[in-house]
Amino acid sequence: MHIFISAKAAQAEQFALADLVEGQMYAAGMTCFVAPRELQRRGLPAGFMQTIRAEIQRSDLMIVLYAPELRGGLVELGMAYALDNPIWLLCRAQEKVSNTALECASKIIRYQDADDLRTQLQVEIVNLMP
């Protein structure tokens, strides 16, 4: 299973949470494309949206680490939604989330902190396994 992980670029907390999600998925035998990390590593090359689209198309699941200032991640979410890819929306428990993002999500995971998110992901990953 291939997972596309979307997060707000240039936010340390978002990168830490993306690392946590990626680690949980890898532990379950899945591969991941962590969008902000890959785009930073590649220096946002011309045509990077083609890379993003290709990765979303080959993904079995998109995980969005929601942040109120998320912009590119919402474009990615829209692409996945248009392809009927399942989308997990991860957001802080008390955070106001855009109605559009909520409506696109096939699963909404509200978490208190990184430990709570890890615990919830472990449960959800078990449910993903055949």
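Hey, can you tell me all the residues within segment 118-130 that are more than 13 Å from the chain's Cα centre (by Cα) and in contact (Cβ under 8 Å) with a residue 24 or more places away in the chain?
Arg118, Gln122, Glu124, Ile125, Leu128, Met129
Counting only residues that are loosely packed, with under 13 Cβ neighbours inside 10 Å and part of a helix (DSSP H, G or I), which one in segment 29-48 is modelled with the highest pLDDT?
Once the filter is applied, the top-ranked residue is Arg41.
For segment 51-95, what are the residues that are more than 14 Å from Phe4 (Cβ to Cβ) and in contact with a Cys (Cβ under 6 Å, 6 or more places away or on another chain)?
Correct list: Tyr66 only.
Give me a count of the residues in segment 27-49 that are farther than 23 Å from Ile108 by Cβ and touching a strand residue (DSSP E or B) at 6+ places or on another chain (Cβ under 8 Å).
1
Quick check on my filter: what residues within segment 18-76 are of a type in the set (Asp, Glu), touching a residue at least 40 places away in the same chain (Cβ under 8 Å) and over 25 Å from Gln94 (Cα atoms)?
Hits for segment 18-76 are Glu55, Asp60.
Taking segment 91-130, which residues are farther than 18 Å from Val21 by Cα, charged (D, E, K, R) and in a loop (DSSP other than H, G, I, E, B)?
Once the filter is applied, which keeps residues that are farther than 18 Å from Val21 by Cα, charged (D, E, K, R) and in a loop (DSSP other than H, G, I, E, B), segment 91-130 yields Glu95, Lys96.
Of the residues that sit in segment 50-90 and are touching a strand residue (DSSP E or B) at 6+ places or on another chain (Cβ under 6 Å) and in a loop (DSSP other than H, G, I, E, B), which one is surrounded by the fewest Cβ atoms within 10 Å (Cβ to Cβ)?
Out of the qualifying residues, it is Asp60.
Would you mind stating whether Gln120 is over 14 Å from Ile5 (Cβ atoms) and not aliphatic (A, V, I, L, M)?
yes
The values are calculated or read from the model by the stated rules, or taken from the named source; none is laboratory data. In this text, all values refer to a predicted model and were calculated from it rather than measured experimentally. Neighbour counts are summed over all protein chains in view; Cβ atoms, including those assigned to glycine, are modelled from backbone coordinates with ideal geometry.
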